[in-house]
Each structure stands twice: as structure tokens, then as C-alpha cells.
Amino acid sequence: MLFAIYMLDKPDSAELRAATRPAHGAYMAAHVDGMRLGGPLYADDHETMIGSVVIKEFADRAAAEKFAAEEPYNQAGLFATVLVNPFGAVVDA
């Protein structure tokens with residue numbers, strides 16, 4: 001089933017995000033199976049990254065929560081908020 005994982009950065013965490021980006025990229029590349037969508041959230045300036053969103057197939061909520069918990073940005077303490085919710089794709093182009 002699909003889950004949406006919404007992760008919002010802590011304030012003033014651009015340096016931590018940049019330092020952790022290589023590990024994050026490797027983690028995402030290793031978990032690309034079932035990935036429908038993933039990428040950064042931006043501030044209104046369309047340049048400053050303020051979080052991440054992933055929509056991915058998981059066997060169940062426990063697997064989605066495990067994925068989010070083991071995500072390197074999350075492990076590094078980057079996120080102020082992490083939400084894991086079932087997702088229903090009404091439009092899937």
C-alpha cells in the first residue's frame with residue numbers, strides 16, 4: 001500500500017541537511033523499489049530546502065515507519081516533524 005512520508009526540517013538546519021545529503025541520497029537509491037515520488041520541500045523563495053516528501057509502496061505502516069526512522073536525515077536529527085500516513089493516489093499519471 002502507498003504511504004506518504006512528510007518530513008519538515010528544524011529551523012536553521014541547512015548545514016546539517018547539506019552534510020547529510022550524501023548519506024540521504026545513498027539511502028534513497030537503495031530503497032527506490034516502490035518509490036512513486038520523492039524530493040525536497042522548498043520555502044517560498046523556491047531555493048531553500050525546508051523538508052522532504054516521499055510517496056512509496058510499503059507492505060504496511062510498520063515498514064513505512066521503519067523506512068522513515070532509518071532515513072539518514074531523520075537519524076541525524078534534521079526533522080522537526082515526521083508524518084507517516086496511508087496515501088490514496090486518485091491521479092497517477
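Note on region 50-93: residues that are assigned to a helix (DSSP H, G or I) and of a type in the set (Phe, Trp, Tyr) amount to 2.
A single entry from VAL32, VAL54 fulfils the requirement of being under 14 Å from the mean Cα position of the chain (by Cα) and touching a residue at least 12 places away in the same chain (Cβ under 8 Å): VAL54. Scanning region 4-24 for residues that are under 11 Å from the mean Cα position of the chain (by Cα) and either over 15 Å from PHE79 (Cβ atoms) or among the β-branched types (Val, Ile, Thr) (or both) yields a single hit, ILE5.
For (1) surrounded by 15 or more Cβ atoms within 10 Å (Cβ to Cβ); (2) of a type in the set (Asp, Glu); (3) in contact with a helix residue (DSSP H, G or I) (Cβ under 9 Å, 6 or more places away or on another chain), each residue gets a yes or a no:
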site	(1), (2), (3)
HIS24	yes, no, yes
ALA43	no, no, no
ALA68	yes, no, yes
TYR73	yes, no, yes
PRO86	no, no, yes
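Here, each number is a calculation from the coordinates, and none is a lab measurement. In this text the structure is predicted, and so the values were computed from the model without any measurement. Every residue, glycine among them, receives a Cβ derived from its backbone with ideal geometry; neighbour counts consider all protein chains shown.
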